[in-house]
Every structure is written in structure tokens, then in C-alpha cells.
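Asks: I'd like to ask you about the structure that follows.
The values are calculated or read from the model by the stated rules, or taken from the named source; none is laboratory data. If you're wondering where the values come from, they're calculated on a predicted model, not measured in any experiment. Cβ placement follows ideal geometry from the backbone for every residue including glycine, while neighbour counts extend to all protein chains displayed. We work out accessible area using only protein heavy atoms, side chains counted, and drop any ligands, DNA or RNA first. Shrake-Rupley method; radii C 1.70, N 1.55, O 1.52, S 1.80 Å.
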Amino acid sequence: MKDLLEERFFPRVIKPGRYTGGEPGQILKSPDNRVKYLHSYPDKYEIGMSYVGLQTLYHVVNSDDRFLCERVFAVDHDAEELLRSEQIPLFSLESGRPAAEFDAFGFTLVDETVCTNVLAMLDLAGIPLRSADRTEDHPIVMAGGPAAYNPEPMAPFFDLFFIGDAEQGLPEMLAVLYELSDAGRREKLEALVRRVKSVYVPTFYDDNLKPLVDFAPEQIDARVEKELKPEYYPSKPLLPLIETVHDHLAVEIMRGCPQGCRFCMAGAVYRPVRLRPREDIVAQVKEQVANTGFAEVTLLSLSSSDYPEVEPLATELARLLEPRRISLSLPSLRPGTVSPSLLEALSRVRRGGFTIAPEAGTERLRSFLRKDFTDEAIYDSARLAMKKGWTTIKLYFMIGLPTETEEDLDGIVNIVRNLHRVSREFEQKVNINVTLSPFSPKPHTPLQWDEILPEDQIFQKISYIRRRTRLSHVHFKHTDTRLATLISMLGRGDRSLADVIEAAFRQGCRFDGWSEDFDHERWDEAFASTDTDPQKWLEPIPFSARLPWSHIRKGPSVDRLRAERERTSVSLKSTILHPSEIEKETQPESNRVQFGRGKKKIVSRNQASPAKNRFRFRWGRTARCRYMSHLDNLRAMERALRRANLPVAYSHGFNPTMKLSFGPPLPLGFTSEAEFVDINFESNLTAQMVDQFKSSVPSGILILEARSVHGKSVSLSAALNRVAYTLALDEYPEAADLQPAIDELWSAETKLIDRKTKKGMKQVDIRPAIYNVSLEEDSVQMLLGIGEKGYARPSEVMHCLTGRPQDEFDSLPFHRREMFRIELDGRRVDPMEI
């Protein structure tokens, strides 16, 4: 399977690093006499590898020698198309094993936007979408995660759900499968229900959610881990080789939230609050920083500033991390919990955005939500952050809340205007980024019965706020109102919506949480084709109605939640703005939140380093890392330098970066023994330091040579003008017959090829950049030009020699053997001598 992927898949997808595996921290086990478990985060690799829960479960399962755990993520559109056309089944990252060959296939359902991704993955794996259609030859398909607290819209697609914290529950389920390896599906599912608490098997319940068998409980109690044990967290986490959405080390400091906001499902399902001991957190940060090399540590929880010892914890960690130029951050800060000492700890190395989530514009509505802080607390917290040098303030509000009035919308306007006024007290330019999100009633909260406002009313409210806050350096964005409406409908749906979800999958819906992929028209067609009225799911739910998630028990009972909602009900209703206040407009594309491939700001890095303590390294890359991009190589080097704890010099300013300067980038898919990087150090580099660096780079990257560089810095990319490549005949046997074509190439004065550029196709003569092509006993050797005076690519040369399309040669593992400079007088200069 691996050979098939190397030949027909990896070279032909846009980002092969999403699918190749091989990251530091990866665990490989023999499948013999083990339960084979495949764990999936059904979104793109960049999202899934940023999720702490995946790291935890991967570590916990693989810590037990009876099991092996491998990973798979949702494949992007190009990869799905290629898998289908080449008839390649969905496969795991670690071994390349087809997903259908595992004993169990688990999905983390973080939210409702991944529903169609789940079906696409099952379909690509060759596993029937519906549990009822599976046989003894198929794995047990299971799900957990926050969205599993209302499992019903996805119930027909899963054999079982696990509800709650899974650190102990998942190994318990796999242990049952280990003991019953020879049993049938029905026997396994029955044993799981009988022996493992919090397991829900939908086929054991009727459409009214009543048990069909005597061993199935009427209510499924969510599992709660009473203690967040140190052994749940890996000392050597999986370290992505490509860029992910959250490129930092996330460390959980507590689970649950003490605030109990009435709209928040996460606060409800992660109850009770469980604090990790401060000494456990510090020990984990020390160990994981040493093993990963991340430039930032984030202290993770639903409300990190409510951790009782957050100030002494942040101060202690800042002292440990500052000498290594590693920054510390918190996801968001609750007004009233922000102090000068906390901000001092968070700003020692670099500052990110300062995030506040008021959610509502008035103290009345915040009190209704249990967000009990004043407007002044918001201003004081932001003023303190600006005083400490923060230049970006992020605000999050919800629109369409129960009891919301025009006064509450004006309250949002006033908060933004007042913060803008506060920002003018300081010399630095301060950007205020405001995100407006439609309210979505969530299961297991006191507001679960409330109405979902139609899209047009939500957008009217958003337009009202935006028109009244047209200020310099104030930027608005909002979630696509149609997507927010869909999420709300799926979140409160029942089993009948499974037909809609499957129809949407058949229509081609994928990655609905990504703004560039969400297609509301396909979802409209899915509702229409199944004769399902979406309006039904927008209406308020009567208190007397049976809730689709009533059989899942977590936190306060339905009666208690109902009583609390009734207590908070007031005569105020969610108002629609007067027509005179509505600006007649449609939702502009530019106002949507960009969850997907938005343009990213690349931090500029010093390309010219001062001569003092500058060292040049020759390094190489084996087949294991050949699908890493130039920026991935840079990131891997930076992390290796931090792991080795070397005294690297940094730039100055707001966002200090390592002083590194790379030679010409290596094309994706190539191996090499002739790459170069200049690194500035604060002190002289010793042989021991070089050894530390060698031992810290990822497997597949080699440090081959090092020497000091004196004199004025010269850009290697500008200085080098020759590059030599090798292609083994074993990799392309047809090359053995190319000698006549090589002779013809040498006799030609020009060789025109079509080259794809940013401006389109361009015809280029590459003959002046071809200095040598020779056929050796076991390889093809090429010496080509590189740099501004003209270059040729190995695939272009092969195209000239064979007449076949260039993309046929993209999968060939060309090896960069050497790079050097030829002076005008013909002298050859080695890169280590420049």
C-alpha cells in the first residue's frame, strides 16, 4: 500500500504532508495480536492536529500494549477525487493500512460542520454509511466528542457513541473488543453496553428513544474523569511537519468552567470543574517544550483566567520560557480577572491578540447570560492591555439572543466606540477586531428551547451595528448567517435529519465549517429532496416536547434546566428592527469569517545576518521528509534549535524571530544532501552544540557539515548558480533508453517549454540553463542552472527528453546532489566557502 501511495497519490495531491505521517512522536506498532484502532478527526489535518484531545487519546490508547492507535483525517477535495479515480481506499497515516482493515474506527465530533466529512470518509473507506448495512467484515464505527451529546442526527451512521470524557472509556471499550476478538458484531455491541458505562448503541433503541433490549439503559450517563492525571498527557506529543492552524504547544490547565453561562454547551458538558495541580502543569510544560521546540505555549481551558493560581502559574512559566524566547498566552481573558502581573508574564517575549468575549452589549443581557461583569471592567482590562503594549484587541459578541432588544445592539455599538476612544490614549496604533456570531441554542443548556432567528433578521441586526461603528482601525467580521442557521438546526435535530445529511453528502457537501466550501444551495436541495421543512428546526421547542437528546444525561436534569429558563424569562422579546433602520443590502462575501484557506501573514525573517558568530550548515533530507515545503523545513529547523537549547540570535522588535537565512528552496518531493542554512548565534558554536543540533532535528533531516562564516553576509540564493540532480534508474527504468534523446538535446540551440507562472503559462527557452545531462550505469545525472540568470527544472528536462507531459515526472524522487557557484573565470566555489 505504501508503494502505491508513493507512486500514485502523494506526488499528485496539493499538500502531501497532510497524509504521509512520519511526524516526531508518531507511534508504530505491529498489528499482530492487538486491537487495531483508527482514530479520526473528520476535518483537515491542519485542524485535527491542533486538537489537544487527539494527542491525549492517541497517547492513552498506544500506552496499552494490547492496542495500536493510528490516525486519519478528512481528505481535501483534490485528494478525494484522486482516491476515487485511482480506487485507493482511505488509509491511516502511520502504516498506510486501509481504514476498513481496522477493528474499530472512531470519530471525534467537535461540531455539526463535520457531518458530511464523516460520511465521505466512510464511503472512501468502503464502509457502508449506515450501521444497519454493515457486516462482520466491517470495523465497529464509533463516535464521541462534544457534538455526540445530541447523537440523534448522526445515529444511523454509527454503531455506538461514547458520551463524555474518554481517557478511561476508550481503552475500556477496546479491552472488550480485545477479549471478544472472535465474536460477532451484535455480541460485541451488547458486551460494550453491559460492561462500559456511557456507551450508547442506537440500534438498541426505538424511534422514541426507548430501549428495545433489557440490557440497554433508559438514560446514558456521561462519563466524567474525576482527576486529570499526568499520565494522560504525552511527554513527546505528535509534532506536525507541516503548518497547522494552531502552531503552538497547548497545555490543558483545567476542564470545565466555573461561570456556568446559560448559552454555553461546552460549560454544560464539561462540568464539573477539575483543576490540574500547578506543579503538574509546570512539569508538563518543561518536558513538552524540550521535546517539541514550539515558540509559544498556550494555557488551555474554557476560561483560563479563572484558574485560581493563574498569576503565579503564568509568572513561573514566563521565567522558565523567556530565556528560550518562548512566549506564553491565554486563549481569552474574562474582564475582572486581568491584572498587571498577569499581563507582564504574558508579554515578556511577544504579544498576540488580547481577546475579550462580552457576548452581549449591555449589563442586563450579560446578567441574563451569567456573564457578570460591567462595561467598565471591559474598558479597564483593554486599557491595561494597551498600556502593556498590546496592539490588537479582539471582541466577540452574539446576535439574536433571547430577550435581546435594540438597546442591547446599541450597547455593542457603545462598547466598540468607547474602546476606540480608549485606544486613542496611547501612542501605538491599536486595531479592534469585532466578531459577531448568531446565537445558537444548544442542547443541555437552559436556552436549548429558544427560537433560532431567521437569517434575514440576524443580518439586519449585524448591518445595524456595523453602520454605527464606522471607525478607523475597527474591523468587523461575522459568521455566515446561513451556516450558523444550519449548525443550529443540526445541533437540535433528531434522527430524521440523518436523511438530510446523507443527501447533502450525495450533493457534494464537504467541509461545511470552511467558508470557501460551505454551499447553502446544496443543503437547500438536500432538505427539499427529503421533503424536510427546515423551518421546523428554527422554531422554539415547547417545554412539554420530548427533546431528541433527552436520553443523554449530563449535568442538571431537564426539569432543572426548564425551571431555570422559566425564571429568566421576562416580558422582553427578541426584537426585529424597525424597517426604517434596516439598510437594504445583501450579505457581502468579504464580511464572512474565513475559517479556511485565507491569506496568511508570513512573519518576515532576517535574510542577511551580521558576521559575528554566523555559522553555515549543510543539511539534507531523506525520503521520509520529502513532502515538506520550504516553510515546513524552516519551521522544523527552528524547533530543532529550541529543542537543542542553542544560543540562537533573534531579531529585535515586537515579534522577535530567529536569525536564519536559507539557500535556494528544495522542490516538494525531492531528497537532498546539499541544502544550506546560515544561523546566527549569541556565542561561539562548539562541537558539542553541533552534536546537540544533529540529535534534535526530526528523523529524515540530516545535519551534514558545519563551519563558521566570516566577512560580509552574502545571500546564498543569489550567489549559487549551479545545481546537480540524480535520478536512479530503478525509479524510472525507461531512462536507460534516453541516450539518443540526450545527444539530440546537446545539438539543439534552443529548447522551448511551457512553464506555469503566477501570471499564467509562459514559453521559456531552458537550453541555456542545461549544462550537462548524462546517462550513467545506474542513474541519470543533470547539471542545471539556478538563480536569477535562468534555471531549468528536472521535470522540464525529462519532458524535453521524452516528449511526455511534465506532470508525469512529478512523482519521481529526484535527489539534489550538490549546489555550487561558477565564477566568470570558470572557477568553482563551494557554498561552504562563499
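Asks: Suppose accessible area is computed on protein heavy atoms with a 1.4 Å probe; arrange THR750, THR481 from highest to lowest.
Replies: Correct descending sequence by accessible area is THR750, THR481.
Asks: Carbon-plus-sulfur fraction of the accessible area of the chain, 1.4 Å probe, in percent?
Replies: Working: 16790 of 35100 Å².
About 48 percent, which is the carbon plus sulfur part of the accessible surface.
Asks: Here is a follow-up. Let me check against my output: what whole-number percent is the relative contact order of the stretch 234-315, with C-alpha pairs under 8 Å and at least 6 apart?
Replies: 43 percent
Asks: Where the Cα atoms of the stretch 653-788 are projected onto their three principal axes, how long is each span, largest first, in whole Å?
Replies: Ordered largest first, the stretch 653-788 gives principal extents of 55, 37, 27 Å.
Asks: Starting at 0 and stepping by 10 Å, how many percent of the alpha carbon pairs of the stretch 11-90 end up in each bin?
Replies: 16, 45, 31, 8
Asks: Next up: Amide H of GLU296 versus every other amide H placed in the peptide plane: which residues, excluding those fewer than 5 positions away on the same chain, fall under 5 Å?
Replies: LEU249, SER327
Asks: Which value, in debye to the nearest 20, gives the size of the charge dipole of the chain about its Cα centre, when Lys and Arg are +1 and Asp and Glu are -1 at the Cβ?
Replies: My answer is approximately 3280 debye.
Asks: For the chain, which cysteines have no second Cys with its Cβ under 4.7 Å from theirs?
Replies: CYS69, CYS115, CYS257, CYS509, CYS625, CYS800
Asks: Something else about it: Where the convex hull is taken over the Cα atoms of the stretch 202-322, what is its projected area averaged over directions, in nm²?
Replies: Average projection, Cα convex hull of the stretch 202-322: 11.0 nm².
Asks: Also, quick follow-up: Assuming a viscosity of 0.692 mPa s and a temperature of 37 °C, what translational diffusion coefficient in µm² per second does Stokes-Einstein assign to the stretch 49-195, Rh being the Kirkwood radius over Cα pairs?
Replies: It diffuses with D of about 207 µm²/s by this estimate.
Asks: In the stretch 126-243, how does Rg compare with the Kirkwood Rh, expressed as the Rg/Rh ratio over alpha carbon atoms?
Replies: Radius of gyration over Kirkwood radius for the stretch 126-243 works out to 1.00.
Asks: TYR791 accessible area, nearest 10 Å², 1.4 Å probe?
Replies: Number for this one is 80 Å².
Asks: Using the per-residue mean of other Cβ atoms lying within 10 Å as a proxy for protection, in what order, highest first, do the peptides 61-67, 136-142 fall?
Replies: The most tightly packed comes first, giving 136-142, 61-67.
Asks: Quick one: which residues, 5+ away or cross-chain, put their amide H under 5 Å from the amide H of ILE399? H built at 1.01 Å from N.
Replies: Sorted by chain and number, the residues that satisfy this are SER437, PHE439.
Asks: Taking amide H atoms as placed 1.01 Å from N in the peptide plane, list the residues 5 or more away in sequence, or in a different chain, whose amide H sits under 5 Å from that of PHE476.
Replies: So PHE476 has HN proximity to VAL434.
Asks: Tell me the accessible surface of THR671 in square angstrom (1.4 angstrom probe, heavy atoms of protein chains only), to the nearest ten.
Replies: Accessible area, nearest 10 Å²: 20 Å².
Asks: Still on this structure, please answer the following. Please compute, over every Cα-Cα pair in the stretch 431-512, the percentage with a separation greater than 17 angstrom.
Replies: In whole percent, the share of Cα-Cα pairs in the stretch 431-512 beyond 17 Å is 59.
Asks: In square angstrom, what is the accessible area per residue of the chain with a 1.4 angstrom probe?
Replies: Accessible area per residue: 42 Å².
Asks: Between MET1 and VAL52, what length in nm is gained on full extension when 0.36 nm per residue of separation is reduced by their alpha carbon distance?
Replies: Contour length minus Cα-Cα distance gives 15.4 nm.
Asks: On full extension of the chain, what length is gained from LYS236 through GLU734, given 0.36 nm per residue of separation minus the C-alpha to C-alpha distance?
Replies: Computed gain between LYS236 and GLU734 is 174.9 nm.
Asks: Ok, one more. For the cross-link pairs LYS759/LYS789; LYS229/LYS286; LYS15/LYS758; LYS286/LYS394; LYS229/LYS694; LYS2/LYS762, which exceed 28 Å when the distance is taken from alpha carbon to alpha carbon?
Replies: Working: LYS759/LYS789 20 Å; LYS229/LYS286 17 Å; LYS15/LYS758 18 Å; LYS286/LYS394 30 Å; LYS229/LYS694 34 Å; LYS2/LYS762 36 Å.
Exceeds cut-off: LYS286/LYS394; LYS229/LYS694; LYS2/LYS762.
Asks: Report the far tail of the P(r) of the chain, meaning the percent of Cα-Cα pairs longer than 42 Å.
Replies: Pairs farther apart than 42 Å: 39 percent.
Asks: Over 15 Å apart: what share of the alpha carbon pairs of the stretch 645-726 falls there, rounded to a whole percent?
Replies: Roughly 68 percent, rounded to a whole number.
Asks: Residue by residue through the stretch 92-101, which ³J(HN,Hα) values in whole Hz follow from phi under the Karplus form 6.51 cos²θ - 1.76 cosθ + 1.60 (θ = phi - 60°), with glycine and proline marked x?
Replies: 7, 6, 5, 10, x, 5, x, 4, 5, 8
Asks: Through the Karplus equation 6.51 cos²θ - 1.76 cosθ + 1.60, θ set to phi - 60°, convert the phi angles of the stretch 294-300 into ³J(HN,Hα) values in whole Hz; use x for Gly and Pro.
Replies: For the stretch 294-300, the Karplus curve yields 4, 8, 8, 10, 10, 8, 9 Hz.
Asks: Now for a different question. How much of the DSSP beta bridge set in the chain is antiparallel, as a percent to the nearest 5?
Replies: Around 50 percent antiparallel, to the nearest 5.
Asks: Out of TYR45, VAL110, ILE356, whose Cα points farthest toward the positive end of the dipole of the chain (charges: +1 Lys, Arg; -1 Asp, Glu; placed on Cβ)?
Replies: Checking the options against the dipole of the chain, the answer is ILE356.
Asks: Right, another one. What figure in square angstrom, to the nearest 10, would you give for the accessible area of ASP410 with a 1.4 Å probe?
Replies: 50 Å²
Asks: I need the phi-derived Karplus couplings for the stretch 822-831: 6.51 cos²θ - 1.76 cosθ + 1.60, θ = phi - 60°, integer Hz, Gly and Pro marked x.
Replies: 10, 6, 4, 8, x, 5, 9, 10, 6, x
Asks: In units of 2.2 N^0.38 Å, what is the alpha-carbon radius of gyration of the stretch 296-394? All intermediate terms of the calculation are to be shown ahead of the outcome.
Replies: Numbers: Rg = 13.7 Å, N = 99, 2.2 N^0.38 = 12.6 Å.
Relative to the 2.2 N^0.38 Å estimate, the stretch 296-394 comes out at 1.08.
Asks: Please tell me the relative contact order of the stretch 20-82 in percent, rounded to the nearest whole number, where contacts are Cα pairs under 8 Å and at least six residues apart.
Replies: In percent, rounded to a whole number, it is 43.
Asks: If each of THR135 and ARG755 carries a label point 7 Å out from its Cα toward its Cβ, how far apart are those two points in nm?
Replies: Between THR135 and ARG755, the label points sit 5.5 nm apart.
Asks: Using Cα pairs closer than 8 Å and at least 6 residues apart in sequence, work out the relative contact order for the chain, in percent.
Replies: Computed value for the chain: 10 percent relative contact order.
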